[in-house]
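**Student:** Sharing a structure, written as structure tokens. Questions coming.
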Amino acid sequence: MGIIGLANSARFDNNPGGVISINGTSWYGLENSYIFNNAAQISIGATVEVGFVGFYNLGSLDNSAGGIISIDRTSKFGMWNTGLVNNAARITIGRVAQAAYWGLYNQTTFNNNPGGVIAIDRTTNLALKNEDNRTIGLSDPSDDIYPYPDRIPQLAGPGIDTYAEFTNKGQIIIGAIEQVGLNGIRNVGNFYNTGCDAYIESYGNVSHYFVRRANRPDEYHNYTQFNNSGFIIEYAPCCSGLITNNSGVIRNLNGGYFDVANNTGILTTTPGGGPNAGPILTVNPSLTISQGQTTTLTASEAVSYRWSTGQTTASISVSTAGTYSVTGTVGDCSGTATTMVTVRTPDLSPTLTLPQANFAASGPEATRNFTINLYEVGHVPTASGTVVITLTAPTGYSLAFSNTLTSLLVSGGGNTPIAVQNSKFHVTNNIGNQQLTLTINSGEGIGADSQLILGFSMTRTSANSGSLSNITVNVANDGNPTNNVYARIITGL
């Protein structure tokens, strides 16, 4: 094709639907020295090598929504910027074939904006290099400071000093498909991974180099910065360099290390969330607890926390059923996690035992003895002093309860007395001996899957002969009203 596939020195708009395909050049696939706006597809080196550089930008490049720039098969740089790049779309380097010695080389201003995705694979030395091309003058000109490691002079870009500034507010994914050489990112300029959508995932080292003094090669000085207020996830096994300021999240997941000069964020070796992810919630002992128990909710993966309860500690203890949420904040970024706590309550089910339910008009056969069994069927013990039952007799009958009674013969139930636990209860309301409300004593309760038996007597006073009615027992609402009432039919002879 020639030395350069496409050279632009005016304004070039690749609008939606456009396709640019460049192969077989000897120097650059595409060179832009003025204005290049892309909202469509650019393919460089998909089938044949394109020489030193895939996309060489000396002017202004705007890769906007819908734009896809794909670069493969270059010998030096996949993309080289000495101008201005604004990316809000997708740039892929080395997706299908070896891309370059360096994947993306920035010497001036490169903005990967929200929505922008840069994916780099298959480089032989490093994926992304952000490097000043300048001399830092000191009082002694012979002791000027130069970037370290040494730049490549013949590829250092046109003109004199440049100041490399790379700002990432989108996603950078390095080496997810195939290795990228020694480094994922090598910064010798100013690199800002900033904002709640800023995300770097690298399978190569993420390093920030100092600069060195020319006449004193063993002395290093930090004239540039690598600041992170977003998220960095690194899988490289070794030797990540100095992060100047971290107020975001750095995850080192493959046994290597990070040097961080100033940290107000999170440094961790455990997997976790990415951009805007909420805190990780752990629970001890369980999200389902019994009435009267507490469980502890603990949030992690943030610097500060605020719960829906208003508490601001990392852990809270709760004993009430409901939905709990916590907002975790790291720097300027926050996310919310929610969980639900369920409290198991006791479930009491009553039965009434009265085999002989025929009542004479007078005499001994006008009174019948019966028992009430209170079963706990919810596998949860009742709290102390909380069991309340109400026994209701029909009109024409009267009830009797004695808390000194320890056993009784149930009418029609044989000759063996039944042990009762009347001493555990006391009468709290009596309506004409026709309705009795009993409350269990303080300090007493019914154990999980256990029962209590109470003894009563009922006497026919004025009920009509031949009448048919019900005696009922009702347990105060315990969370499951479907089994709180039991009724027994009785007959007046």
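**Student:** What's the Kirkwood radius of the stretch 339-434 in Å, using all Cα pairs?
**Tutor:** Details: mean 1/r = 0.0631 Å⁻¹.
Result for the stretch 339-434 stands at 15.8 Å.
**Student:** Cross-link candidates for K424: which lysines have Cα within less than 21 Å, leaving aside residues fewer than 8 places away along the same chain?
**Tutor:** Correct list for K424: empty, as no lysines qualify.
**Student:** Assign unit charges at the C-beta atoms only (+1 for Lys and Arg, -1 for Asp and Glu), then state the dipole size of the stretch 352-493 relative to its Cα centre in Debye, rounded to the nearest 20.
**Tutor:** Numbers: 4 positive and 5 negative charges, 68 e Å.
Charge dipole of the stretch 352-493: 320 debye, to the nearest 20.
**Student:** Ok, one more. For the chain, report the accessible area per residue in Å² (1.4 Å probe, heavy atoms, rounded to an integer). Show your work: numbers first, answer last.
**Tutor:** Values: 21050 Å² over 493 residues.
Result: 43 Å² per residue.
**Student:** Using packing as a proxy for protection, rank 374-382, 412-420 so that the peptide with the highest average count of other Cβ atoms within 10 Å comes first.
**Tutor:** Details: 374-382: 19.1, 412-420: 12.9.
The densest-packed peptide leads the list: 374-382, 412-420.
**Student:** Rounded to the nearest 0.05, what FRET efficiency do M340 and N429 have when you use their Cβ-Cβ distance and R0 = 25 Å? Numbers along the way, then the final one.
**Tutor:** Numbers: r = 38 Å, r/R0 = 1.50.
According to the calculation, E is roughly 0.10.
**Student:** Now for a separate question. How would the stretch 7-131 be classified by its alpha-carbon gyration tensor: rounded, prolate or oblate, with rounded meaning a/c under 1.5 and the a/b versus b/c comparison settling the rest? Please list the in-between numbers first.
**Tutor:** Values: a/c = 1.34, a/b = 1.20, b/c = 1.11.
Rounded is the answer for the stretch 7-131, as its axis ratio a/c remains below 1.5.
**Student:** Here's another thing I want to ask about it. Between Y163 and T270, what is the FRET efficiency for a Förster distance of 41 Å, r being their Cβ-Cβ separation, to the nearest 0.05? Kindly include the intermediate steps, with their values, before the conclusion.
**Tutor:** Details: r = 37 Å, r/R0 = 0.90.
Working from the Cβ atoms, E equals 0.65.
**Student:** Also, I was wondering about something else. Given 0.36 nm per residue, what is the gain on full extension from N15 to S300 after removing their alpha carbon distance, in nm?
**Tutor:** So the chain would gain 98.0 nm between N15 and S300.
**Student:** Each residue of the stretch 336-352 in order: what ³J(HN,Hα) in whole Hz does its phi give by Karplus 6.51 cos²θ - 1.76 cosθ + 1.60, θ = phi - 60°, with x for Gly and Pro?
**Tutor:** Taking θ as phi minus 60°, the curve returns 10, 10, 10, 9, 10, 9, 10, 10, 6, 10, x, 10, 9, 10, x, 9, 10 Hz for the stretch 336-352.
**Student:** Taking every DSSP beta bridge that has both residues in the chain, what percent is antiparallel when rounded to the nearest 5?
**Tutor:** Values: 73 of 178 bridges.
For the chain, the DSSP antiparallel bridge percentage is about 40.
**Student:** Still on this structure, I have one more. Which one of T339, I120, F401 is farthest out on the positive end of the charge dipole of the chain, using unit charges on Cβ (Lys, Arg +1; Asp, Glu -1) and the Cα centre as origin?
**Tutor:** Value: F401.
**Student:** Separate question: Pull out the extension gain between N477 and Q311, defined as 0.36 nm times the separation in residues minus the alpha carbon to alpha carbon distance; nm, one decimal.
**Tutor:** Details: separation 166, 0.36 × 166 = 59.76 nm, distance 3.20 nm.
Going from the current span to full extension adds 56.6 nm.
**Student:** Quantify, in whole percent, the carbon and sulfur part of the accessible surface of the stretch 410-457 (1.4 Å probe; protein heavy atoms only).
**Tutor:** Taking all protein chains in place, the stretch 410-457 shows 43 percent carbon and sulfur surface.
**Student:** Given +1 on the Cβ of Lys and Arg, -1 on the Cβ of Asp and Glu, and no further charges, what dipole in debye does the chain carry about its Cα centre, rounded to the nearest 20? Before the final figure, lay out each step's value.
**Tutor:** Values: 21 positive and 29 negative charges, 244 e Å.
Value, rounded to 20: 1180 debye.
**Student:** Let me ask something additional. Go through the stretch 285-297 residue by residue and turn each phi into a ³J(HN,Hα) via Karplus (6.51, -1.76, 1.60, θ = phi - 60°); whole Hz please, and just put x for glycine and proline.
**Tutor:** With the stated coefficients, the stretch 285-297 comes to x, 6, 7, 10, 10, 8, 4, x, 8, 10, 10, 10, 9 Hz.
**Student:** Expected output is a single nm value to one decimal: the length gained when fully extending between N358 and V48, i.e. 0.36 nm times separation in residues minus the C-alpha distance. What is it?
**Tutor:** Values: separation 310, 0.36 × 310 = 111.60 nm, distance 10.39 nm.
Taking 0.36 nm per residue and subtracting the Cα distance, the gain is 101.2 nm.
**Student:** Give the span of the chain's Cα atoms along each principal axis, as three whole-Å numbers ordered largest to smallest.
**Tutor:** 124, 53, 31
**Student:** Can you classify the stretch 293-354 as rounded, prolate or oblate using the Cα gyration tensor, where a ≥ b ≥ c are the square roots of its eigenvalues, rounded means a/c under 1.5, and otherwise it's prolate if a/b beats b/c and oblate if not? Present the calculation step by step, with values, prior to reporting the outcome.
**Tutor:** On the way: a/c = 5.22, a/b = 4.01, b/c = 1.30.
Prolate is the answer for the stretch 293-354, as a/c is 1.5 or above and a/b outweighs b/c.
**Student:** Now, a different point. As an exercise, use a Förster radius of 35 Å and the Cβ-Cβ distance of T323 and S402 to find the FRET efficiency, rounded to the nearest 0.05.
**Tutor:** Working: r = 48 Å, r/R0 = 1.36.
Efficiency, from the Cβ-Cβ distance: 0.15.
The values are calculated or read from the model by the stated rules, or taken from the named source; none is laboratory data. Here the structure is a predicted model, which means the values were calculated and not measured. Counting neighbours? That spans all protein chains shown, and the Cβs are built from the backbone with ideal geometry, glycine included. We work out accessible area using only protein heavy atoms, side chains counted, and drop any ligands, DNA or RNA first. Shrake-Rupley method; radii C 1.70, N 1.55, O 1.52, S 1.80 Å.
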